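Following: one structure in structure tokens, then a few remarks.
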């Protein structure tokens, strides 16, 4: 029994536990490229990260806003699509393939595509806007439009995942309540609001938890779309830590930022897990 | 919106309703496919036409030819294929048994293992990839296959053990008990009975694992340098280095999409199953 998990446990230990311990150790030391002595300095990196306006007022709020907006957006659109597709029709397989498409696209490629479409001079989005008489925007040069494009990319990438999971959930619901509602002549909206939604709730909650935890650590699409810019205004916490460690070459401070983020998501993750547990049991 | 739509919807004739439905579905599909289609179209335009992709009709395969002349890109493709394939094989070896253990055994050890897997899955990648950079360097495996492969396998352990547990939960264990009674050892029951009946699930994992590794970016960005370029990192570097050559970048991106699409078309039913947690 122990042998079954021994290889997995060993790998986890070597490549996850050991690095985390080393990172935690580094976060208490003054460890930069110019000063490789690694002097012990206690919590001062943590204090400096937490009091840094770029972390407290930009990176952290961005991360939570991103997590919330991207998960909600993908959930609402994904749910609408799942309800729309929950019937038999021709070309069902084709539609499923089309929906799987974004799931196969590497986030980096998605970011490149979207960046090209939103290019301020030659991108198709501005071309279309100008063709219908609106003004093109320098999307990536303004904080909120850049943030919007990042969100759009993430929602495009993840909506299909919600659709597939929720569709599977819809198809496993019992038929009787829906037949009874049809006989009573209930309007489709009321069926959705009072039958579908409550019965689908466990699936929705599980999807939201998994996606939230993953959205919190998003790195690749932001890095490729904006690199955190303009002027570090679209940074998420993982970019903040990366920039500290690999661009400013201050490994101690970068580790401290990464650990703060890890602790936050640990709390959020445990809270969400409790929530799922309660919802699924009820 | 539902409130407004529904009465309107109910008043429509069945034919109109069906037309509305097909219209909506087609629209949604187009919306989801558009960025990819646009990328493909851009990759087929010559350099002079790339700034007016929507106008002009000259199409060319020259971009692909030019990308294929770039040694670094070829090397990156080869590296990505090797790493994705090896990571898939080894991840499966490690996670299938761990998922089996989670599904069949109960007790403090199994509970602890499940708990640590959940916690480790929540740890943001950046929090352990950052120090992993130093770990791989001090072990002398930074910027090698091994230095990227082993962390990749470790990433997959949590999620895939979890998925695999779900798959094994869906397989009735009574066959294994029968095998045990007939004198099979516990390991024999695992290899001869449980494993063969889990082959569809293992295929699902294999497809997902390959795709995840192929698409992965952050680990590759931090753990590889000049000697072991992989395709996602090389593409992201393009954005800064050749930001104006959108035709070449699109061609590279399309080439990176091809294996993923081929695999997903082939393994569609497995993927849909695997994504259902």
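The values are calculated or read from the model by the stated rules, or taken from the named source; none is laboratory data. Since the model is a prediction, treat every value here as computed from it, not as a measurement. All Cβ positions, glycine included, derive from the backbone under ideal geometry; neighbour counts span all protein chains shown.
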- Message: Given the criterion in a helix (DSSP H, G or I), in contact (Cβ under 8 Å) with a residue 60 or more places away in the chain, at the interface with chain B (Cβ under 7 Å from one of its Cβ atoms) and under 16 Å from residue A:152 (Cα atoms), identify the matching residue among A:109, A:114.
- Response: A:114
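Looking at A:32, A:63, A:97 in this structure, which one is within 30 Å of residue B:238 (Cα to Cα) and in contact with a helix residue (DSSP H, G or I) (Cβ under 6 Å, 6 or more places away or on another chain)? It would help to see each step written out before you state the result.
Numbers: A:32 fails: in contact with a helix residue (DSSP H, G or I) (Cβ under 6 Å, 6 or more places away or on another chain); A:97 fails: in contact with a helix residue (DSSP H, G or I) (Cβ under 6 Å, 6 or more places away or on another chain).
The unique qualifying residue is A:63.
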- Note on the structure: Given (1) at pLDDT 85 or above; (2) out of contact with any helix residue (DSSP H, G or I) (no Cβ under 6 Å at 6 or more places or on another chain); (3) more than 10 Å from every other protein chain (Cβ to nearest Cβ); (4) closer than 28 Å to residue B:162 by Cβ, residue B:181 misses just (4)
- Looking only at residues in the range A:244-261 that are surrounded by fewer than 22 Cβ atoms within 10 Å (Cβ to Cβ) and in a helix (DSSP H, G or I), which one is farthest from the other protein chains (Cβ to nearest Cβ)? A:247
- State whether one or more residues within the range B:178-185 are part of a helix (DSSP H, G or I) and surrounded by 20 or more Cβ atoms within 10 Å (Cβ to Cβ). no
- Item | Residue satisfying all of: in the range A:16-32; facing another protein chain (nearest Cβ under 8 Å) and surrounded by 20 or more Cβ atoms within 10 Å (Cβ to Cβ); farthest from residue A:244 (Cα to Cα) among these | A:16
- Task: Scan the range B:134-144 residue by residue and report those that are surrounded by fewer than 19 Cβ atoms within 10 Å (Cβ to Cβ) and either farther than 8 Å from residue B:223 by Cα or at the interface with chain A (Cβ under 9 Å from one of its Cβ atoms) (or both).
- Result: B:134, B:137, B:138, B:139, B:140, B:141, B:144
- Considering each of B:142, B:133 in turn, give the residue that is outside any helix (DSSP H, G or I), touching a helix residue (DSSP H, G or I) at 6+ places or on another chain (Cβ under 7 Å), closer than 29 Å to residue A:256 by Cα and in contact (Cβ under 8 Å) with a residue 60 or more places away in the chain. B:142
- Task: Give the residue, chosen from B:5, B:37, B:59, B:31, that is under 24 Å from residue B:234 (Cβ atoms) and either surrounded by fewer than 16 Cβ atoms within 10 Å (Cβ to Cβ) or at pLDDT 75 or above (or both).
- Result: B:37
- Can you tell me which residue within the range B:11-25, out of those that are part of a helix (DSSP H, G or I) and more than 9 Å from chain A (Cβ to nearest Cβ), is nearest to residue A:122 (Cα to Cα)? B:23
- Message: If I filter the range B:70-79 for residues that are outside the structural domain of residue B:248 (by TED's automatic domain parsing), over 20 Å from residue B:212 (Cα atoms) and touching a residue at least 40 places away in the same chain (Cβ under 8 Å), do I get at least one hit?
- Response: no
- Item | Whichever residue in the range B:229-261 is part of a loop (DSSP other than H, G, I, E, B) and at pLDDT 85 or above and, among such residues, is farthest from the other protein chains (Cβ to nearest Cβ) | B:229
- Somewhere in the range B:82-89, is a residue within 12 Å of another protein chain (Cβ to nearest Cβ) and under 23 Å from the mean Cα position of the chain (by Cα)? yes
- Considering residues that are farther than 18 Å from residue A:231 by Cβ and in contact (Cβ under 8 Å) with a residue 12 or more places away in the chain, the number found within the range A:49-63 is 2
- Query: Restricting the search to the range A:121-141, which residues are outside any helix (DSSP H, G or I), loosely packed, with under 14 Cβ neighbours inside 10 Å and either at pLDDT below 85 or within 25 Å of the chain's Cα centre (by Cα) (or both)?
  - Reply: A:121, A:133, A:134, A:135
- Query: Within the range B:195-205, is even one residue within 22 Å of residue B:232 (Cα to Cα) and at the interface with chain A (Cβ under 10 Å from one of its Cβ atoms)?
  - Reply: no
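Could you tell me which of the residues B:121, B:111 is surrounded by fewer than 21 Cβ atoms within 10 Å (Cβ to Cβ), more than 9 Å from every other protein chain (Cβ to nearest Cβ) and modelled with pLDDT under 90?
Result of the check over B:121, B:111: B:111.
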- Is it true that residue B:79 is more than 9 Å from every other protein chain (Cβ to nearest Cβ) and over 30 Å from residue A:216 (Cα atoms)? no
- What is the one condition in (1) within 30 Å of residue A:256 (Cβ to Cβ); (2) under 24 Å from the mean Cα position of the chain (by Cα); (3) facing chain B (nearest Cβ under 8 Å); (4) in contact (Cβ under 8 Å) with a residue 12 or more places away in the chain that residue A:81 does not satisfy? (1)
- Query: In the range B:26-48, how many are touching a residue at least 24 places away in the same chain (Cβ under 8 Å) and in a helix (DSSP H, G or I)?
  - Reply: 6
- Query: What number goes with the only condition from (1) modelled with pLDDT of 85 or more; (2) not in a helix (DSSP H, G or I) that residue A:229 does not pass?
  - Reply: (1)
